[in-house]
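Engineer: Dropping the structure in here first, questions after.
The values are calculated or read from the model by the stated rules, or taken from the named source; none is laboratory data. None of the values given here were measured: they were computed from a predicted structure. Reconstructed Cβ throughout: ideal geometry from the backbone, glycine too, with neighbour counts over all protein chains shown. Only protein heavy atoms, including side chains, enter the accessible area calculation; ligands, DNA and RNA are left aside. Shrake-Rupley method; radii C 1.70, N 1.55, O 1.52, S 1.80 Å.
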Amino acid sequence: MNPLEEPGCGSRCIDPCILVIFGATGDLTGRKLTPAIYHLGREGLLPANFACVGFARRPKSNEEFRQELKQDVETFSRTTPIDEAYWKNFQEQIFYHRSEFDSNDGYQSLARLLSQIDTRHGTRGNRIFYLSVPPKFFPLIIEKLKKFNLIYDVSETEERWSRVIIEKPFGHDAPSSALLQTTIQKYIHESQTYRIDHYLGKETVQNILVFRFANSIFESIWNYKHIDHVQITVAEEIGIGTRGAFFEEQGLLRDVVQNHMMQLLSLVAMEPPVNLSASAVRDEKVKVLQSIRPLTPCDFEQNVVRGQYRSGYINGDSVGGYRQEQNVDPKSCVETYAALRFHIDNWRWAGVPFYLRGGKRLPKRATEIAITFKDAPGFLFQNQGKNDPNVLAIRIQPDEGIAMKINCKVPGPSSPIQPVKMDFRYGSYFGQSPPEAYERLIWDCMIGDNTLFARSDEVMHSWNILTPLLEYWAKTQPDFPNYSAGTWGPQFADAMIAKDGRSWRLL
Ligand code: BG6
């Protein structure tokens, strides 16, 4: 990643290519991928020679597929209305290929289609395969792509390139993730593997490194001497919706903590990288994960809380409990909330707790990283009102921005002190909605920059930290449900942080 460069800057080379989407009729393609490709194209960020091929099992003509994608852009794009004139030309570069994922014939005919497109559209053999399919199909599809020479070897002499994007979950725990990795690496090189964690594509997440390392005032106090603790919150108002079957397999820890939250923690805690190359940035993130103190079974009761929502009210509307959701076991023990306390055993973070909480059906959608600084020394102002610690809050979403809480003298002779907020808001400063994470990530893959994608060792270290907990949870019966929809999670989570003399931030 080079967070200082904007997409489209002249120094990056963007080759002609074909993007092949497996699972092209699925939910992710409609909601995220199609609008992202449309926006990239409309903003002039796609290569001049570009084509997109949808690969899926349902029979469909090119024309029908194009119509469906247009409908997706109309429904899910961040800008409206659709640019009809642009779409009319753009759709000529979109094709549909019907096949089963395990059909040899399907891959042979795909190879023929792609080489015809190369001839007609000048895409020069470069390929991105986006696997928007359940993970159980990753090894099969990758093996077939390799078998039919659609994935090329990585070599200095090869002028064409091929890259594979895969969507999380990358495994279910440490052993299954390791197995997945060993299987796919038989066919593709790590440098061709783009593991999407869409949080890394968010503008505000990319800004963490700029904020920390392009401003001299923060880095000198970014350590145990000045910081009391760090809180990372990923709160969601939504429940499980139609994803009951998926969530029953996952739970909150696998769905959000193992990937998005551990990425946020790594970015906040890492050392400055030697440069902004993918390997330098990812090396530093891995060191953070390696320094997290392992949670052992005796820590679980003190450092971890899990929860599951019962029915309740969100914004005045009554909502059902998790066990009443579609495709959820009425006795399910799957967690929809998790709170954890970590320690990072390195020089910078000695003794600084990192509190993480994430959950579904909380009162509002809010993703935030809050750095609470140590109290100011002395008692100069102890009788003059509230003297709160300084807090730096990085709002990842919504209302993206950064706020600093400072103490201030209230005007007037009696001089009471009151905490006030200095607030930077992306929306009001830059005056435009940031691009969607998928736009940035697809574009990065096209230019061959995998900084904003998870490397295999990052994924593995994160699983290593959480797998003992997952195993412990699988063996112990939780007292679920234990929080009402529309509240901030189980009381045990408040008790966990209160034991340290702290409290969760009110968001
Ligand atoms: C996904 C999870 O990875 O992230 C979802 O599978 C979750 O359960 C989503 O809702 C949150 O993403 P965002 O961008 O809405 O914060």
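Engineer: Tell me the strands (runs of 3 or more DSSP E) entirely within region 34-153 that contain at least 1 residues that are open to solvent by 30 Å² or more (accessible area, probe 1.4 Å).
Structural biologist: Answer list for region 34-153: 94-98.
Engineer: Working only within region 206-234, note down all residues that are within 13 Å of the ligand (Cβ to nearest atom) and at pLDDT below 95.
Structural biologist: Result: no residue meets the conditions.
Engineer: Can you pull out the residues in region 236-259 that are more than 11 Å from the ligand (Cβ to nearest atom) and either under 15 Å from G320 (Cα atoms) or not assigned by TED's automatic domain parsing to the domain that holds L466 (or both)? Full working, then the answer.
Structural biologist: First, pick out the residues of region 236-259 that are more than 11 Å from the ligand (Cβ to nearest atom): 242, 244-245, 248-249, 253.
Residues satisfying the conditions are T242, G244.
Engineer: Select from region 332-348 the residues that are open to solvent by 10 Å² or more (accessible area, probe 1.4 Å) and part of a loop (DSSP other than H, G, I, E, B) and list them in ascending order.
Structural biologist: Result: C333, V334, E335, D345, N346, W347, R348.
Engineer: Check D375 against each of (1) modelled with pLDDT under 95; (2) open to solvent by 10 Å² or more (accessible area, probe 1.4 Å); (3) touching a Leu at 6+ places or on another chain (Cβ under 7 Å) and name the one condition it does not meet.
Structural biologist: Unmet condition: (3).
Engineer: Scan region 386-405 and tell me whether some residue there is open to solvent by 50 Å² or more (accessible area, probe 1.4 Å), assigned to a loop (DSSP other than H, G, I, E, B), away from the ligand (no atom under 16 Å from the Cβ) and among the basic types (K, R).
Structural biologist: yes
Engineer: When you look at Y187, is it out of contact with any strand residue (DSSP E or B) (no Cβ under 8 Å at 6 or more places or on another chain), outside any helix (DSSP H, G or I) and either at pLDDT 95 or above or within 16 Å of the ligand (Cβ to nearest atom) (or both), yes or no?
Structural biologist: Yes.
Engineer: Restricting to region 260-273, name every residue that is away from the ligand (no atom under 16 Å from the Cβ) and under 20 Å from F170 (Cβ atoms).
Structural biologist: At the first step, the residues of region 260-273 found to be away from the ligand (no atom under 16 Å from the Cβ) are 266, 268-273.
Within region 260-273, S266 is the sole residue that qualifies.
Engineer: Got a sec? Which of L276, L200 is among the hydrophobic types (A, V, I, L, M, F, W, C), within 16 Å of the ligand (Cβ to nearest atom) and farther than 30 Å from S311 by Cα?
Structural biologist: On the way: L276 fails: within 16 Å of the ligand (Cβ to nearest atom).
None of the others qualify; the one that does is L200.
Engineer: So which residues in region 449-481 are part of a loop (DSSP other than H, G, I, E, B), open to solvent by 30 Å² or more (accessible area, probe 1.4 Å) and in contact (Cβ under 8 Å) with a residue 40 or more places away in the chain? Full working, then the answer.
Structural biologist: Of region 449-481, the ones part of a loop (DSSP other than H, G, I, E, B) are 449-452, 455, 476-481.
Still in the list and also open to solvent by 30 Å² or more (accessible area, probe 1.4 Å): 455, 476-477, 479, 481.
Selection gives R455, Q477, P481.
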